[in-house]
Protein chains: 2
Amino acid sequence: MSKGLPKRSEDYSLWYNELVKRADLAENSPVRGCMVIKPYGYSIWEKMQAELDRMFKETGHQNAYFPLFIPKSYLSKEASHVEGFAKECAVVTHYRLKNSEDGKEVIVDPDAKLEEELIVRPTSETVIWSTYKNWIQSYRDLPLLVNQWANVVRWEMRTRLFLRTTEFLWQEGHTAHATRNEAMDEAVQMMNVYAQFAEDFMALPVVKGVKSENERFAGAEDTFCIEALMQDGKALQAGTSHFLGQNFAKAFDVKFATKEGGLEYVWGTSWGVSTRLMGALIMAHSDDNGLVLPPKLAPNQVVIVPIYRGEEELDKISAKAKEIMAKLRAKGISVHFDNRDTHKPGWKFAEYELKGVPLRIAMGPRDLENNTIELARRDTLTKETVDLSAIVLEDYIASKLDEIQKTIYNKALSFRKEMTREVNTWEEFQEMLDKEGGFLSAHWDGTGETEEKIKELTKATIRCIPIDQKEEDGKCIYSGKPSKGRVLFAKAY
Amino acid sequence: MSKGLPKRSEDYSLWYNELVKRADLAENSPVRGCMVIKPYGYSIWEKMQAELDRMFKETGHQNAYFPLFIPKSYLSKEASHVEGFAKECAVVTHYRLKNSEDGKEVIVDPDAKLEEELIVRPTSETVIWSTYKNWIQSYRDLPLLVNQWANVVRWEMRTRLFLRTTEFLWQEGHTAHATRNEAMDEAVQMMNVYAQFAEDFMALPVVKGVKSENERFAGAEDTFCIEALMQDGKALQAGTSHFLGQNFAKAFDVKFATKEGGLEYVWGTSWGVSTRLMGALIMAHSDDNGLVLPPKLAPNQVVIVPIYRGEEELDKISAKAKEIMAKLRAKGISVHFDNRDTHKPGWKFAEYELKGVPLRIAMGPRDLENNTIELARRDTLTKETVDLSAIVLEDYIASKLDEIQKTIYNKALSFRKEMTREVNTWEEFQEMLDKEGGFLSAHWDGTGETEEKIKELTKATIRCIPIDQKEEDGKCIYSGKPSKGRVLFAKAY
C-alpha cells in the first residue's frame with residue numbers, strides 16, 4: 001500500500017496523483033478529462049457540502065435548480081462572458097441516435113438536429129439572469145439570494161484529478177440587489193464565508209484579496225478571492241466571489257421599480273467553490289505516508305484496530321471496542337471498528353494512515369489486562385499509551401481531535417508565513433520564484449501589460465491584491481514605475 | 001392568489017400546472033422541456049433527499065459520482081439498453097464556439113468536432129459498469145453498494161413540470177453482487193425502501209409489484225416498482241428497482257474470483273427515484289385552495305400570522321410569537337413568523353394555504369388578552385381556538401402534526417381503495433376506465449400481444465403484477481385465455 005507512494009520531495013505532482021488514486025478519492029474515467037469521485041472521496045465532499053450549505057442558509061440564502069443547458073444565444077448576451085467561456089464549451093447539437101443503414105452501429109440521427117445549439121453550462125449566470133427577469137419586478141422582490149449545487153463543464157485541455165477537470169461539481173450563488181453597496185457587501189460577505197470555511201473546517205489558512213483586471217471573472221466588475229499555498233510553494237485559488245455590477249442585469253434587461261417610483265437595473269453577485277477544494281485539502285496537509293485529514297472533515301475521526309490471536313481474544317477486544325464506540329458516538333465522534341480477519345494489523349495501520357484517519361486506537365490482550373489503549377495521531381505520527389482509568393475517554397479523544405485540527409492549521413499557517421516574502425528587485429523576484437516559490441509580496445505598477453509580461457517571463461501571476469494591503473510607496477518590480485502598495489505574486493495551480 | 005386557481009373537477013391538468021407555478025414550486029425555463037425548480041419547490045426536494053439518503057446509508061450504501069457524459073460506443077454495449085434510450089439522447093458533438101467570420105455572431109467551431117460523440121447520461125449503468133470492471137476483482141470486493149445523486153437528460157417530446165422533463169434530478173443506485181439471490185434481495189429491498197419512504201414521509205400509499213416484460217427497464221431482467229394513484233384516477237409510477245441479472249456484467253466483462261477459485265460474472269441491480277416524486281406529492285394530496293403538504297416534508301410546518309393595528313400591538317404579538325417559536329423549535333418543529341407589513345392577514349392566509357403549510361397560528365389583541373391562539377389545519381381547512389393555559393403548546397402542535405400526517409395518508413388510502421376495482425369482463429373494464437379510471441384488477445393471459453392490444457384500445461397499461469398477487473384461476477379480460485391471477489391496469493402518467 002502506502003510504501004509505494006512516491007515522495008513529495010522527489011515528484012510532488014506524481015505524489016499527488018498517486019495519493020488521490022490510492023486513498024480511493026477519485027480516478028480518471030473513460031470519458032476524457034472527467035473523473036469518477038469514489039465513495040471515500042465523495043464522503044469528504046459531502047462533509048464540505050453540509051458545512052457550506054449550513055453557512056449559506058445562515059446568511060439567508062436558499063437553494064434552487066436551473067437547467068443544465070444554455071441556449072447558445074443566451075451565452076452570447078454578455079460580451080466578455082462569452083469571450084471568456086467560448087473556447088471551452090461542450091455543445092449539444094442533436095437529440096437522437098439511430099441504427100446505421102447496415103444495422104451494424106448506432107449513429108447520430110442527422111434528422112434530429114437542434115434548431116439552436118445548446119451549451120452544457122460552464123457557469124449559470126446567463127440562464128439564471130434570464131429567469132430573474134421574470135422574478136424581479138419591484139424592490140419588494142429584492143434581495144434575491146439563491147444558491148445552486150450543480151455540475152458544470154469546461155472543456156479543459158490539460159486536466160488533473162480535482163484540480164482541473166472537464167466536468168466538476170460546485171455550488172454557484174447568484175444574488176440580485178437594489179443597490180450597488182448591498183451587492184458589494186454580499187460579494188465581500190461570501191468571500192469571508194469561504195475564508196471562514198477554509199480556515200475552520202479545512203484547516204487551510206487563506207489570503208483574502210481582490211483579483212487584478214486580467215484575472216477577473218468574465219463578466220464581473222470585481223472578483224474577490226481566497227488564495228491558499230500548497231506544500232510545493234504553488235498557490236491555489238480556493239474560491240471566488242464576483243461583484244457583477246449591472247452587467248448581467250443590462251444583458252438580460254432586469255429592472256426593478258424602486259421605492260421612490262423609478263425603474264432601475266438590478267445589481268448582482270455570483271460566487272462559487274468546487275470539488276477543486278478537495279485538491280487543496282489533499283495538497284495542503286498530506287505527507288509521504290498518505291492523506292492527513294482535519295478531524296472536522298474526516299469521514300471517520302477514529303478507527304479501532306484489534307490485535308489478537310484467535311476468536312476468543314477477538315471477542316474480548318470486540319466487547320471493549322463496542323463500549324468505546326458507544327461512548328465516542330454519544331459525544332458526536334465518528335468511529336469505525338475494523339475487525340476484518342482478512343488483513344493483518346500492520347496492513348490496517350498503513351491503510352488508515354494512507355486514508356488520513358486522524359486518530360487510531362489499537363488494542364491487544366495486554367491492553368485489556370492493563371485497561372489501556374494505544375493511541376496514534378495521524379498528523380504527527382506519534383503514539384502514546386493511554387491509561388483508561390485515569391481519564392474520561394470521550395473527553396480525551398474530543399480534545400485530541402480539537403488539538404489535531406489546530407495543529408494542522410498552525411502547521412499550514414507557519415509554512416505559509418515562511419513562504420511569503422517581500423521582494424524588492426526583479427533579480428530577487430526571479431531567484432526566489434525559481435528556488436522556493438511561495439507568495440512573493442512585491443510592488444506592481446498596476447498595468448495589465450506589466451502583469452502579462454511578468455507571467456510570460458516567469459509563469460507567476462498576481463494571485464490577489466490583499467484586502468489588508470498597506471499603503472506603501474514603492475517601485476514596480478518589473479517596470480520601475482511608481483506603486484502604492486504590494487500585491488501577491490505566485491505560480492499557481 | 002389562490003382564488004384564481006382552476007378547480008380540479010373542471011380541468012385537473014390545468015389545476016396541476018397552475019398550482020406548480022403559483023405555489024412557487026417550479027416553472028418552465030427558456031430551454032425546451034427543462035424546468036427551473038424554485039426555492040420553495042427545491043426545499044421540499046431537499047427534505048425528500050435527506051430522508052432517502054439516510055435510508056440508503058442505513059442499508060449500507062455509499063454515495064459516489066460518475067461522469068455526466070457517456071461515450072456513444074458505451075451506450076451501445078448492452079443491446080436492449082441502447083434500444084431503449086437511443087431515441088431520446090442529447091448528443092454532444094463539439095467542444096468549442098468561435099466568432100463567425102463577419103464577427104457578428106458566435107458559432108460552433110467546425111474544427112472542434114469530437115472524435116466520438118458523447119451522450120448526456122439518460123441513466124448511468126454503462127459508464128458505471130465500465131468503472132466497476134476496475135473495482136471488482138474478487139468476492140472480497142463484493143457487494144458493491146453505491147448510489148449517486150445526479151441530473152439526467154431524456155429528450156422527451158411532451159413535457160410537464162416535475163412529471164416528465166427533459167432534464168430531471170434523481171438518485172440512481174448501482175450495486176454488484178456475488179450471487180443471483182443476493183442481487184434479487186437487494187432489488188426487492190430497495191423497492192421496499194421506496195415504499196416505506198412514500199408511505200411514511202410522502203403520506204402516499206403505494207402498490208408494490210413487478211413490471212410486465214413490455215414495461216421493464218431497458219437492460220433489466222426484472223423491474224420492481226411502486227405505483228400510486230392520483231386524484232384524477234390515473235396511476236403514477238413513483239420508483240423502480242431493477243434486477244439486472246448479469247446483463248451489464250457481460251456487456252462490460254465484469255467478472256470476479258469466487259471464494260472457491262472460479263471466475264464468474266457479477267450480478268447487478270439499479271434503482272432510482274426522481275423529482276417526479278414532487279409531481280406525485282402535489283397531485284395526490286392538494287386541493288382547489290392549493291398545496292397540501294404532509295408535515296414530514298413541509299419546509300415550514302407552522303406559520304404564525306399576527307393580526308394587529310399599529311406598532312404597539314405588533315410588538316406585543318411579536319413578543320408572544322417569539323416565545324412560541326422558541327418552544328416549537330426546541331421540539332424540532334419548523335416555524336415561520338410572517339410579520340411583513342406589506343400584506344394583510346387575509347392575503348397571508350390565502351398564501352399559506354396555497355403553499356400548503358400544515359398548521360397556521362393567528363394571533364390578535366384579543367388572543368393576547370385571553371391567552372389563546374387560533375389554530376387552522378391546512379388539510380381539513382378547520383379552525384379551533386386553543387386556550388394556551390390548558391395545554392403544553394409544543395406537545396399539542398407536535399401531536400396535531402402527527403395527526404395531519406396520518407389523516408393525509410388515510411385519505412389517500414381510502415381513495416385508492418375505493419378506486420381499486422376487480423373487473424371481470426371486457427365491457428366492465430372499458431366502462432370503468434372511461435367513467436372513473438382508477439386501478440382495475442383483472443385477469444390477463446400473460447402475453448405481450450394482449451397487453452399491447454389493450455393499451456392501443458384503451459390507453460391503459462399494466463401498472464404491475466402486485467407482489468401480494470393471489471393465485472386465482474380466471475380468464476383474460478381481453479383474450480379469454482386462462483390466467484392464474486389478477487394484475488393491475490390503469491391509465492398512467
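The values are calculated or read from the model by the stated rules, or taken from the named source; none is laboratory data. Please read all numbers here as calculations on a predicted model, not as lab measurements. Virtual Cβ from ideal backbone geometry, glycine too; neighbours counted across all protein chains shown. Ligands, DNA and RNA are stripped out before the accessible areas are found, and what is left, the full protein with its side chains, is counted by its heavy atoms. Shrake-Rupley method; radii C 1.70, N 1.55, O 1.52, S 1.80 Å.
Among the residues of region B:464-481, is any open to solvent by less than 10 Å² (accessible area, probe 1.4 Å), assigned to a strand (DSSP E or B) and not β-branched (Val, Ile, Thr)? Scanning region B:464-481 turns up at least one residue that is open to solvent by less than 10 Å² (accessible area, probe 1.4 Å), assigned to a strand (DSSP E or B) and not β-branched (Val, Ile, Thr). Hey, could you check region B:121-165 for residues that are at pLDDT 95 or above and of a type in the set (Lys, Arg) and say which is least open to solvent (accessible area, probe 1.4 Å)? Looking at the filtered set, the residue picked out is B:ARG121. Against the test of being assigned to a helix (DSSP H, G or I) and farther than 14 Å from A:LEU393 by Cβ, the options A:LYS322, A:LYS348, A:LYS327 yield a single qualifying residue, A:LYS348.
Across region A:30-55, the qualifying residues are those that are over 16 Å from A:VAL152 (Cβ atoms) and part of a loop (DSSP other than H, G, I, E, B), and the one among them that is farthest from the other protein chains (Cβ to nearest Cβ) is A:ARG32.
Under the condition of being assigned to a helix (DSSP H, G or I) and either open to solvent by 10 Å² or more (accessible area, probe 1.4 Å) or in contact with a Lys or Arg (Cβ under 9 Å, 6 or more places away or on another chain) (or both), the residues counted in region B:194-217 number 8. What are the pairs, 6+ residues apart or on separate chains, where a residue within region B:336-363 that is closer than 21 Å to B:ASP402 by Cα and free of Cβ contacts under 8 Å to residues at least 60 places away in the same chain has its Cβ under 9 Å from a residue that is open to solvent by less than 30 Å² (accessible area, probe 1.4 Å) and among the acidic types (Asp, Glu)? Within 9 Å, the pairs are B:TYR352/B:ASP338.
Being closer than 20 Å to A:GLU88 by Cα, without any contact (Cβ under 8 Å) to a residue 60 or more places away in the chain and more than 14 Å from the chain's Cα centre (by Cα): is that true of A:ARG216 here? Criteria met by A:ARG216.
Which residues, taken from region A:218-250, are of a type in the set (A, V, I, L, M, F, W, C) and surrounded by fewer than 20 Cβ atoms within 10 Å (Cβ to Cβ)? Of everything in region A:218-250, just one residue is of a type in the set (A, V, I, L, M, F, W, C) and surrounded by fewer than 20 Cβ atoms within 10 Å (Cβ to Cβ), namely A:ALA218. Filtered by the rule that a residue be of a type outside the set (S, T, N, Q), under 16 Å from B:VAL273 (Cα atoms) and outside any helix (DSSP H, G or I), region B:173-191 gives B:GLY173, B:HIS174.
Take the residues in region A:22-67 that are under 15 Å from the mean Cα position of the chain (by Cα) and polar (S, T, N, Q), then tell me which one is least open to solvent (accessible area, probe 1.4 Å).
Checked region A:22-67; the qualifying residue least open to solvent (accessible area, probe 1.4 Å) is A:SER43.
Residue-by-condition table, conditions (1) touching a Lys or Arg at 6+ places or on another chain (Cβ under 9 Å); (2) part of a strand (DSSP E or B); (3) not β-branched (Val, Ile, Thr):
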position	(1), (2), (3)
B:GLY261	no, no, yes
B:GLU264	yes, yes, yes
B:GLY268	no, yes, yes
B:GLY272	no, yes, yes
B:LEU277	no, no, yes
B:ALA280	no, no, yes
B:MET283	yes, no, yes
B:LEU293	yes, no, yes
B:PRO299	yes, no, yes
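Screening B:GLY448 with (1) farther than 30 Å from B:LEU354 by Cα; (2) open to solvent by less than 30 Å² (accessible area, probe 1.4 Å); (3) under 22 Å from the mean Cα position of the chain (by Cα); (4) not polar (S, T, N, Q) gives one miss only, at (3). Going by what's in this entry, would A:GLY84 be described as more than 7 Å from chain B (Cβ to nearest Cβ), modelled with pLDDT under 95 and farther than 28 Å from B:VAL31 by Cβ? Judged against the criteria, A:GLY84 is not a match.
The single condition among (1) open to solvent by 10 Å² or more (accessible area, probe 1.4 Å); (2) in a helix (DSSP H, G or I) that A:ASP253 does not satisfy is (2). Residue under question is B:VAL106, and the condition is that it be hydrophobic (A, V, I, L, M, F, W, C), crowded, with 19+ Cβ neighbours inside 10 Å and more than 34 Å from the chain's Cα centre (by Cα); does it hold? Spelling it out, B:VAL106 is indeed hydrophobic (A, V, I, L, M, F, W, C), crowded, with 19+ Cβ neighbours inside 10 Å and more than 34 Å from the chain's Cα centre (by Cα).
So which pairs qualify, if the first residue must be in region A:257-278 and surrounded by fewer than 24 Cβ atoms within 10 Å (Cβ to Cβ), the second must be of a type in the set (D, E, K, R), the Cβ gap must be under 8 Å, and the two must be at least 6 apart or on different chains? So the pair list comes out as A:THR258/A:GLU264; A:LEU263/A:LYS255; A:GLU264/A:LYS255; A:TYR265/A:LYS250; A:TYR265/A:LYS255; A:GLY272/A:GLU172; A:ARG276/A:ARG164. Residue count for region A:137-170 satisfying the condition of being at the interface with chain B (Cβ under 9 Å from one of its Cβ atoms), of a type in the set (Ser, Thr, Tyr) and over 18 Å from A:ILE37 (Cα atoms): 0.
Rundown of residues vs (1) open to solvent by 40 Å² or more (accessible area, probe 1.4 Å); (2) within 26 Å of A:ASP288 (Cβ to Cβ), yes/no style:
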{"position": "A:GLY332", "(1), (2)": "yes, no"}
{"position": "A:ARG340", "(1), (2)": "yes, yes"}
{"position": "A:GLY346", "(1), (2)": "yes, yes"}
{"position": "A:GLU351", "(1), (2)": "no, yes"}
{"position": "A:MET363", "(1), (2)": "no, no"}
{"position": "A:ASN371", "(1), (2)": "yes, no"}
{"position": "A:ALA376", "(1), (2)": "no, yes"}
{"position": "A:ASP379", "(1), (2)": "no, yes"}
{"position": "A:THR382", "(1), (2)": "yes, yes"}
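For region A:173-193, a residue qualifies if it is open to solvent by less than 10 Å² (accessible area, probe 1.4 Å) and in contact with a Lys or Arg (Cβ under 9 Å, 6 or more places away or on another chain), and exactly one does: A:MET191. Here is the figure for region B:415-453: residues that are more than 21 Å from B:ALA228 (Cβ to Cβ), free of Cβ contacts under 8 Å to residues at least 40 places away in the same chain and assigned to a helix (DSSP H, G or I) total 8.
I'd like to verify a number: residues in region A:96-136 that are of a type in the set (Asp, Glu), more than 8 Å from every other protein chain (Cβ to nearest Cβ) and touching a helix residue (DSSP H, G or I) at 6+ places or on another chain (Cβ under 7 Å), how many?
Of the residues in region A:96-136, 2 are of a type in the set (Asp, Glu), more than 8 Å from every other protein chain (Cβ to nearest Cβ) and touching a helix residue (DSSP H, G or I) at 6+ places or on another chain (Cβ under 7 Å).
Per the listing A:THR407, A:THR425, the residue uniquely modelled with pLDDT of 95 or more and either closer than 13 Å to A:ILE477 by Cα or in contact with a strand residue (DSSP E or B) (Cβ under 6 Å, 6 or more places away or on another chain) (or both) is A:THR425. Number of residues in region B:24-45 that are in contact (Cβ under 8 Å) with a residue 12 or more places away in the chain and over 19 Å from A:GLU117 (Cα atoms): the value is 12. When restricted to residues that are more than 16 Å from A:GLY209 (Cβ to Cβ) and basic (Lys, Arg), region A:453-480 contains 4.
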